[in-house]
1. If you plug each phi of segment 164-169 into the Karplus form 6.51 cos²θ - 1.76 cosθ + 1.60 with θ = phi - 60°, what whole-Hz ³J(HN,Hα) values come out, in order, with x for Gly and Pro?
2. HN-Hα J couplings of segment 178-188 from phi, Karplus 6.51/-1.76/1.60, θ = phi - 60°, integer Hz, Gly and Pro as x?
3. When the accessible area of segment 78-214 is computed with all protein chains present and a 1.4 Å probe, what percentage of it is carbon and sulfur?
4. Computed from the coordinates I sent, Cα Rg over 2.2 N^0.38 Å equals one of (1) 1.05; (2) 1.14; (3) 1.00. Tell me the label.
5. Return, for the Cα atoms of segment 131-197, the radius of gyration and Dmax in Å, separated by a comma.
6. Taking only C-alpha pairs under 8 Å that are 6+ residues apart, what is the relative contact order of segment 97-236 in percent?
7. Net charge within 13 Å of A200 by Cβ-Cβ distance, Lys/Arg positive one each and Asp/Glu negative one each, not counting A200 itself?
8. Rounded to the nearest percent, how much of the accessible area of segment 1-41 (1.4 Å probe, protein heavy atoms only) is carbon and sulfur?
Amino acid sequence: MSKTPVWKSIALSLTSDIAEGRYNTGDQLPTEAQLAAQHGVNRHTVRRALSDMAEQGLVHPRRGAGVFVAARPTDYPIGKRVRYHKSISASGKIPGKKILSLTTRVADDSEAEALQLTPGDTVHVYDGLSLADGQPIGLFQSVFPAERLPDILDALSETQSVTRALQRCGVEDYTRVSTRLTARAATPTQALHLHLTEGAPVLFSVGVNADTTGIPVEYGRTVFAGERVTLTMNED
C-alpha cells in the first residue's frame, strides 16, 4: 500500500484546521517557514501543499502578503429528511445545481434492486453538479423509476430541485432509507467536474429515498469533494 505523500498530509491537516474553525475565512495561515518548521519538512514541500489547497479553492495567496483562507469546507448533513438547498443555506453559503444530463435507460442491477424494479424496467436519470457559492462540491446521479414517475425529467429540467420535482409528480414527502459512505480517490472525470487533481480524496455516497408509504422513489450516487465538504450524521 502506497503511503500518503508528506505534502498531501500537510494539506489535509490544514484543511482539517480550517474545517474545525482554527482558521476562519480571510485569516492568514502561518508562513511557509513556520509550517515547514512545524511539520519538519522543507519549504518546497509546504509550497506544494499550499498550491494544492489553492487549486481546491480553499486558500488564496496574496503576493507579498501570505496565504489566506478562501473558504471553509461546507457542512452537509446526512439524515432521514435532508434537503440540499436548505442544508447549504444553513451553512451560510449559496446553494446551486447544474444539470449535466437528463436521460432515460434500462436500470442496472443495483438500481433495479434499490428501486424494487424488475429486470428490463426503465429509469430516468439526472446527472449533475451540486454547488456551494458557485464552487462544485458534489458530482451526483439521481435515478428514478420511470413508470412510477413518468414526468420527473420535465419537472427536474424546470426546477433543478429533486424535492420540487417529486412534489410535481405527486410525491409530497420522502425520507432517506439507507446511506452508504466510502472513501475513494478521484477519477480523471470526477476530478475534471469537481476541479480537483486526479487521485484527490473524495467521499462516495449511495442512498435510497422512499415516499411516506415506503416505496423507493430515488436511488442516488454522489461523489463529494473530500477537501470541500464535511459530512455530518443527522437523525432528522
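1. Along segment 164-169, the couplings run 5, 5, 5, 4, 5, 9 Hz.
2. 8, 9, 10, 10, 9, 8, 9, 9, 5, 6, x
3. Carbon and sulfur together cover 50 percent of it.
4. (2)
5. Computed over the Cα atoms of segment 131-197, radius of gyration and Dmax are 14.9, 41 Å.
6. After rounding, I find 22 percent.
7. Local charge sum for A200: -1.
8. Answer for segment 1-41: carbon and sulfur cover 51 percent of the accessible area.
The values are calculated or read from the model by the stated rules, or taken from the named source; none is laboratory data. As the structure is a computational prediction, the values presented were derived from the model and not from experiment. In this analysis, Cβ positions are derived from the backbone assuming ideal geometry, glycine residues included, and neighbour counts consider all displayed protein chains. Just the protein is used for accessible areas: all its heavy atoms, side chains included, with ligands, DNA and RNA removed. Shrake-Rupley method; radii C 1.70, N 1.55, O 1.52, S 1.80 Å.
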